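Chemist: Mind looking over this structure? Questions follow.
The values are calculated or read from the model by the stated rules, or taken from the named source; none is laboratory data. Not measured: the values here are computed from a predicted model. Note: ideal-geometry Cβ built from the backbone for every residue, glycine included; neighbour counts use all protein chains shown.
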Amino acid sequence: MSDEYRTERDSLGEMQVPADAYWGAQTQRALENFPISGITFGRRFVRALGVVKKAAAQANRDLGLVEADKADVIVQAADEVIAGEHDDQFPVDVFQTGSGTSSNMNANEVIANRATEIYGGELGTREIHPNDHVNYGQSSNDVIPTAMHVASLEAVDKDLVPALDTLREALDEKAEAFDDVVKTGRTHLQDATPVGLGQEFGGYRTQVEKGLARVDKAREHLSELALGGTAVGTGLNTHPAFPAKAAEYISEETGIEFREADDHFEAQAAHDAMNGAHGALRTVAGSLNKMANDLRLLASGPRNGLGEIDQPENQPGSSIMPGKINPVVAESVNQVHKQVVGNDAAVSAGAARGELDLNLYKPVLAHNFLQSVELLSNASEAFARKFVAKLEADREHCEAQVEQSMALATALNPHIGYDKASEVAKKALKEGKTVREVVVDEGYLTGEEAEEVVDPRRMTDRGILGQD
């Protein structure tokens, strides 16, 4: 920003604003009032503000409410905001007025000043007015929740869904590649009946698929827009046709189907849609955490752990232990889960508050939701490409381990009964023998029968071994 200043005015009087800044007096007041965190809204939310202001100008132009020549330069300035040309002009802290009025006015002032410049005027002259033109027929109370939904759904569609698809594909490839690997299953961290490594990865793939479905279900309510409700949901000072027309323009701009809210009072007084959608994000984060934990366990070792899969050597793991390799990418996924859970607590608490006709936690809801989407998108992409895709199975170790498993005795239950099978398992453990060896030694099955019944590969399929 310039060391020189110009004078801008609002209803409270004059303010000194950096001479080359596109923002005005209300934004400058917000900068002085909210030196809270240094965290400002990111690209997705700033873009969404531009989308909303552009659509509003187009709708107001069509309805004859804002002169066409002024609406056109508003659209041009909003296009620049949408494209990211003025991101540095949105300096207001996330922790601000609960309605997000400061961010709405930040957008109004930036677009008005830039539009005035395009119109041939000078910054601060208000030839295009931030309230009378850019904010015509709108209130912060309906603009900000509209931007929240636009930003959230765009982030989900354009960032999270593609990243989860990448992870789903990587897991599917490993499920196929590991289809021939039989390993010891584990429940309660104790040996259980055999399972295919490919089956486990197929389970992870399905978790991602179901996560995608859960996220998709949130679309129905996030696609509702509060725009047109103005201050409290009544729509005072806006044209009856404005909400639907603006929603059409927002849909056209984003390529996502948006519509007017079913009930403007609900859309502004509550943010259950954001809360429900973030619940889907929390579930996805939990799924990723489960996968990352499992893969860390399966790769533990390399000599004194489970060691059933070999992890990629992404970086040295220790500053003191030479040759140590840690599952660092999986650990980053674990940490993202914890952050998303924290964000979910903030979203849940914020969505449940506010008084009467307005929820007063809009900025923190938007920030936490968008951060969760960004973290999950980046973590899913990195997890897929830098960890899952590079995993290899230690086939020999898996085979050796499963042969020694006491849980193989489970296949004996239909043939010799639970009690005798339990005796076989205990004796095998005590004497260091395999279940197959002991069941033959005890005379319960012939060698041929034991080979057929105690078959780890066949035990990974549904059915009773040794019976037609």
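Chemist: Out of the residues in region 42-87 meeting the condition of being basic (Lys, Arg) and either within 24 Å of PRO145 (Cβ to Cβ) or free of Cβ contacts under 8 Å to residues at least 12 places away in the same chain (or both), tell me which one is surrounded by the most Cβ atoms within 10 Å (Cβ to Cβ).
Modeler: First, the residues of region 42-87 that are basic (Lys, Arg): 43-44, 47, 53-54, 61, 70.
From the residues that got through so far, the ones that are either within 24 Å of PRO145 (Cβ to Cβ) or free of Cβ contacts under 8 Å to residues at least 12 places away in the same chain (or both) too are 43-44, 47, 53-54, 61.
Values: ARG43: 14, ARG44: 20, ARG47: 23, LYS53: 28, LYS54: 24, ARG61: 18.
Applying the filter and picking the extreme gives LYS53.
Chemist: Quick check on this structure: which one of PHE95, PHE90, PHE34 is surrounded by fewer than 19 Cβ atoms within 10 Å (Cβ to Cβ), modelled with pLDDT of 95 or more and closer than 22 Å to ARG9 by Cα?
Modeler: Numbers: PHE95 fails: closer than 22 Å to ARG9 by Cα; PHE90 fails: surrounded by fewer than 19 Cβ atoms within 10 Å (Cβ to Cβ).
Going through PHE95, PHE90, PHE34 in turn, the sole match is PHE34.
Chemist: Quick one: is GLN335 outside any loop (DSSP other than H, G, I, E, B), at pLDDT 95 or above, of a type in the set (S, T, N, Q) and surrounded by 16 or more Cβ atoms within 10 Å (Cβ to Cβ)? Steps first, please.
Modeler: Numbers: outside any loop (DSSP other than H, G, I, E, B): yes; at pLDDT 95 or above: yes; of a type in the set (S, T, N, Q): yes; surrounded by 16 or more Cβ atoms within 10 Å (Cβ to Cβ): no.
Spelling it out, it is not the case that GLN335 is outside any loop (DSSP other than H, G, I, E, B), at pLDDT 95 or above, of a type in the set (S, T, N, Q) and surrounded by 16 or more Cβ atoms within 10 Å (Cβ to Cβ).
Chemist: Test ARG168 against the criterion of being over 30 Å from LEU306 (Cβ atoms) and either part of a helix (DSSP H, G or I) or of a type in the set (D, E, K, R) (or both), and give yes or no.
Modeler: Against the criterion (over 30 Å from LEU306 (Cβ atoms) and either part of a helix (DSSP H, G or I) or of a type in the set (D, E, K, R) (or both)), ARG168 does not qualify.
Chemist: Residue by residue through region 415-462, note down the ones that are part of a helix (DSSP H, G or I), within 21 Å of GLY185 (Cα to Cα) and in contact (Cβ under 8 Å) with a residue 40 or more places away in the chain.
Modeler: If the condition is that a residue be part of a helix (DSSP H, G or I), within 21 Å of GLY185 (Cα to Cα) and in contact (Cβ under 8 Å) with a residue 40 or more places away in the chain, then VAL453, MET459, THR460 are the ones that fit.
Chemist: Turning to a different aspect of this structure: Within region 345-367, is even one residue in contact (Cβ under 8 Å) with a residue 40 or more places away in the chain and under 22 Å from VAL208 (Cα atoms)?
Modeler: No.
Chemist: In region 318-332, what residues are surrounded by 15 or more Cβ atoms within 10 Å (Cβ to Cβ) and free of Cβ contacts under 8 Å to residues at least 40 places away in the same chain? So that I can check it myself, show each step before the final result.
Modeler: Taking region 318-332 and keeping what is surrounded by 15 or more Cβ atoms within 10 Å (Cβ to Cβ), we get 325-330, 332.
ILE325, ASN326, VAL328 - these are the residues of region 318-332 that are surrounded by 15 or more Cβ atoms within 10 Å (Cβ to Cβ) and free of Cβ contacts under 8 Å to residues at least 40 places away in the same chain.
Chemist: Taking region 115-133, which residues are over 25 Å from VAL232 (Cα atoms) and either crowded, with 24+ Cβ neighbours inside 10 Å or in the same structural domain as LEU360 (by TED's automatic domain parsing) (or both)?
Modeler: If the condition is that a residue be over 25 Å from VAL232 (Cα atoms) and either crowded, with 24+ Cβ neighbours inside 10 Å or in the same structural domain as LEU360 (by TED's automatic domain parsing) (or both), then ALA115, THR116, ILE128 are the ones that fit.
Quick grid of which residues meet (1) touching a helix residue (DSSP H, G or I) at 6+ places or on another chain (Cβ under 7 Å); (2) outside the structural domain of THR187 (by TED's automatic domain parsing):
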position	(1), (2)
ALA366	yes, no
SER377	yes, no
GLU381	yes, no
ALA409	yes, yes
ASP419	no, yes
ALA425	yes, yes
ALA428	yes, yes
TYR444	yes, yes
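Chemist: Confirm whether LEU189 is surrounded by 21 or more Cβ atoms within 10 Å (Cβ to Cβ) and either modelled with pLDDT of 95 or more or not assigned by TED's automatic domain parsing to the domain that holds PRO456 (or both).
Modeler: So LEU189 fails the test.
Chemist: Can you pull out the residues in region 218-245 that are at pLDDT 95 or above, out of contact with any Gly (no Cβ under 7 Å at 6 or more places or on another chain) and in a helix (DSSP H, G or I)?
Modeler: LEU222, ALA244, LYS245
Chemist: For region 222-255, which positions are surrounded by fewer than 17 Cβ atoms within 10 Å (Cβ to Cβ) and under 29 Å from ALA379 (Cβ atoms)?
Modeler: GLY255
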